[in-house]
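The values are calculated or read from the model by the stated rules, or taken from the named source; none is laboratory data. Because the structure is predicted, anything quoted here is derived from the model rather than measured. Ideal geometry is used to build each Cβ from the backbone, glycine not excepted, and the neighbour counts take in all protein chains shown. Accessible surface is based on the protein model in full, side chains and every heavy atom, while ligands, DNA and RNA are left aside. Shrake-Rupley method; radii C 1.70, N 1.55, O 1.52, S 1.80 Å.
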Amino acid sequence: MLFTAGRCQAVIALLMFAAGMAGGETAERCFTILHTNDEHSALLPTPYADYHPEEDNPSVGGFARLGRVIGDIRLAKSEAGEPVIVTSAGDVVGGSPYMWLIPDGEAPELTLMRRIGYDVVTIGNHDFDYGPEVLAQYYRTAANFDTGHDIAIVSSNLVIPEGHPLGDCGILDTHVVVLDNGLRLGFFGLLGKDAAKLAAVKAPIEISDPVTAARTAVQRLRNMGAEVVIGVTHAGFPEDEAVAKAVPGIDIMLTGHFHQMVMDPPMRVGQTIFAQSSAYTQQLGVLELAFNPVSGTLRVRNEETGQPFHVTLDAAIENDPEIEQALGEYTEKLNSMVSRLTGGAVAHIQDMVLHTDFALRATAGRESILGNFVTDAMRLVVSDKIGEKVDFAIQANGVLRGDVKPGTMPYSLNQINFYDLASSIGLGTGYDGTPGYPLASIYLTGNEIYRMLELSLLLASYADVFFLQLSGGRFSYDPSRLVLFELPFSLMEGARMPVPSFRAVRTVERFTGSGPQGRTDDAYQPVSRGDKTLYHVVCDAYILSFFPRIADMFPVYKVIPKDRHGNPIVNRDAIIHSGGGELKFWQAVVAYALSQPPGEDGLPAMPNHYARTGSRIIQVKAYPLVLWTIPVLMLLIFCVYTAWRIIKRRISTGEIQIW
């Protein structure tokens, strides 16, 4: 075939056009994901005692700083023509006193997140802290604010009964976002099995199998043309990894729930990229990504661009003025509530309430400074309020949200303010709908106290939230004696079924002194295993809610709350009332803090004996279980052998006839 010059030029032009089209089609499409998780109503920097708007200080976090960083990144990326998506992996609420505004019809966290420019959030277990009906009201309240930016609530394994108000809040199974560069991102959300178990008041909402829900969601998103599929999950890496391995086609999983699992750099398992930031909005996660539409591959660009995977929200970041102003309006409402609920003892969340030379540590898996302080508060404040001696007070680690650290700046040195203290102890709500778990007065036998401690230690070996702090006594235990052996099946996700020994707790003793425990050489009285004496116990509604479940799931550990006469008592009737309302756990702790003798600066001073731990919950090493199980087995074998010999002799003599 002959080509003329004109025909050659036309062919060359056609080839160049085709090459240009192909080059444009294969060009990577860049985008950035900004992500947080487990915000827990942490709208202010912590420790808030150190925060100062005009001074360099060590406080970290806060929504005003978060808003500034996200706004700055959006602006810079916009100038570069790169889209930005902002996500949250759940537990938006459940921590600081700002969540107390929710039952009053406010939605401070999610409303501010809409102002900041979040695009996608999922639901965590603590988002159910006030129940699904209040959560529905919360979502509607946030949606009714004109923030100029919409937000998608995505949860793919939430099973909402027909007619329930949560089903009318716009919660999505899946969500597709089309970026300005044409890239289609598909989102699904999951609440993990472990997290779902900790959502104590989610009924009648149920949680379906995450793997099944993820498989359906991924297929639906692909059918909708999603090029990149992103799971925003409140489950934690172990569960998310299992989902990603079971469900092909998940490109990214932005996860939360386990606060300590910060991924820097992100992890990759197979084709899936996993990322998680720190809790309490102390950092903002940043993922710079590039997608190749021809190969379908996704890569992380942070190392080549020099962008850190996390930006710490410290004092070097100025506040966003719009977010700061909106936050100030919520703070005014919160101050009014706090003043009312403390009878005027605290007028502002920034008021200093305690002087201490040491931090109130909430140490995992053992006796803690914070645990001793708050359980003493429960025992002594309740005794004072009802005029009756309390023998034991118990509190679960799951209700203690973290260390309470005193200030370190000249204007805050060794001082703790109300906000920092209340943020560690302010979870839950009561039957009256007001903030905080109410305290409860019950009676248990000595034997039931042994059972309760045994179960706490067994469950705490799988999840620290179940570990019990104690006032009014002490106990010793051997952790190596918790379990005789494990069966090759499980009632708990990710663990074999343990066969408990019921002999891990070695001794229990009741404190017979008065006042705080640990000030002097305290006197104790032994409580024997099998003791049927009734002891007066104070706990909160959170712990109380587990007793019926324990009776159903672990009958051998059954504990029945009773009144002083030994009659079974329903949970609601056990709640303590004071001043016309329920006495809350946080109110007892704040009252106890304010009751301490003043120090040189005029603030209540933390007693020095709380700086030491180890006298209430004592680990010991007893004889190995095998040393007493072997004699028992030998005795059993001897008995069986002896019985067999007797039966054999009687058969041979005709005393026993066999047909």
Which order do the peptides 477-486, 90-99 take when ranked by the mean count of other beta-carbon atoms within 10 Å per residue, highest first? 90-99, 477-486
Over the chain, the sum of -39500 (n - 2.57) across DSSP H runs of at least four, divided by residue number and rounded to 500 deg cm²/dmol, gives at 222 nm -10000 deg cm²/dmol
Length gained, D72-T212, 0.36 nm per residue minus C-alpha separation, equals 46.5 nm
Can you give the alpha-carbon Rg of segment 554-606 over 2.2 N^0.38 Å, where N counts its residues? 1.78
If you project the alpha carbons of segment 299-406 onto the principal axes, what extent comes out on each, in Å, largest first? 66, 37, 29
Using Cα centres only, tell me the gap between segment 252-300 and segment 533-602 in whole Å. 42
Angle, helix 237-246 long axis vs. longest principal axis of the chain, Cα atoms, 0 to 90°, nearest 10? 60
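So which of K197/K333; K197/K389; K193/K558 end up more than 27 Å apart, counting from Cα to Cα?
Working: K197/K333 33 Å; K197/K389 35 Å; K193/K558 24 Å.
As for pairs spanning more than 27 Å Cα to Cα, those are K197/K333; K197/K389.
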Rounded to whole Å, √(5λ) for the Cα gyration tensor eigenvalues of segment 425-574, largest first, gives 25, 22, 16
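Sort 65-74, 159-168 by the packing proxy (mean of other Cβ within 10 Å over each peptide's residues), most packed first. Write out the running numbers ahead of the final one.
On the way: 65-74: 21.1, 159-168: 13.2.
Descending mean neighbour count gives 65-74, 159-168.
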Each label point is 7 Å from the Cα along the Cα-to-Cβ direction; what then is the distance between the points at E329 and E55, in nm? 3.0
Over segment 202-319, one equal point on each Cα, no solvent: what is log10 I(q)/I(0) by the Debye formula at q = 0.09, 0.13, 0.21 Å⁻¹? -0.29, -0.59, -1.24
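So which chymotrypsin sites (Phe, Trp or Tyr not before Pro) in segment 363-427 are both in a DSSP loop and have at most 15 other Cβ atoms within 10 Å of their Cβ? Please report the intermediate quantities before stating the final value.
Details: sites: F373, F392, Y411, F418, Y419; in loops: Y411.
Answer in residue order: Y411.
Using a Förster distance of 60 Å, how high is the FRET efficiency between K558 and A80, based on the Cβ-Cβ distance and rounded to 0.05? Provide the component values of the computation, followed by the final result.
Numbers: r = 63 Å, r/R0 = 1.06.
After rounding, the FRET efficiency stands at 0.40.
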Inter-probe distance in nm under a simple model that places probes 7 Å from Cα toward Cβ, at Q260 and N144: 4.2
Above 35 Å lies some portion of the pair distances; for the chain, what is it as a whole percent of all C-alpha pairs? 49
Would you mind checking which residues have amide H under 5 Å from I273's amide H? H placed 1.01 Å from N; only 5 or more apart, or other chain. I252, M253
Please list, short to long, the whole-number percent of alpha-carbon pairs of segment 224-276 in consecutive 10 angstrom bins beginning at zero. 26, 58, 15, 1
Modelling each spin label as a point 7 Å along the Cα-to-Cβ direction, I'd like the N302/E388 distance in nm, to one decimal. 5.6
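On average, how much accessible surface per residue is there in segment 300-437, in Å², for a 1.4 Å probe, leaving out ligands, DNA and RNA? Provide the component values of the computation, followed by the final result.
Details: 5310 Å² over 138 residues.
With all protein chains present, segment 300-437 gives 39 Å² per residue.
Can you tell me the FRET efficiency between D464 and S336 if r is taken as the Cβ-Cβ distance and R0 is 45 Å, rounded to the nearest 0.05? Intermediate results must be reported in sequence, preceding the final value.
On the way: r = 36 Å, r/R0 = 0.79.
The value I calculate is 0.80.
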How many angstrom lie between the C-alpha centres of segment 198-215 and segment 40-74? 33
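May I ask you to give the solvent-accessible area per residue for segment 224-298, in square angstrom, as obtained with a 1.4 angstrom probe?
Working: 2380 Å² over 75 residues.
Heavy-atom SASA per residue in segment 224-298 reads 32 Å².
Please report, as a whole percent, how much of the solvent-accessible surface of the chain comes from carbon and sulfur atoms (probe radius 1.4 Å). Walk me through the numbers on the way to the answer.
Working: 16050 of 28860 Å².
Using a 1.4 Å probe with all protein chains present, the chain comes out at 56 percent carbon and sulfur.
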In this structure, the FRET efficiency calculated for T512 and S595 from their beta-carbon separation, with R0 = 22 Å, to the nearest 0.05, is 0.50
Provide, as a two-decimal number, the C-alpha radius of gyration of segment 38-84 over 2.2 N^0.38 Å, N being how many residues it has. 1.43
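Per residue, how many Å² of accessible area does segment 108-160 show with a 1.4 Å probe? Numbers along the way, then the final one.
On the way: 1500 Å² over 53 residues.
About 28 Å² of surface per residue is accessible.
What ratio of Cα Rg to 2.2 N^0.38 Å holds for segment 45-195? Each step should come with its number before you reach the end.
Details: Rg = 16.8 Å, N = 151, 2.2 N^0.38 = 14.8 Å.
Computed over Cα atoms of segment 45-195, the ratio equals 1.13.
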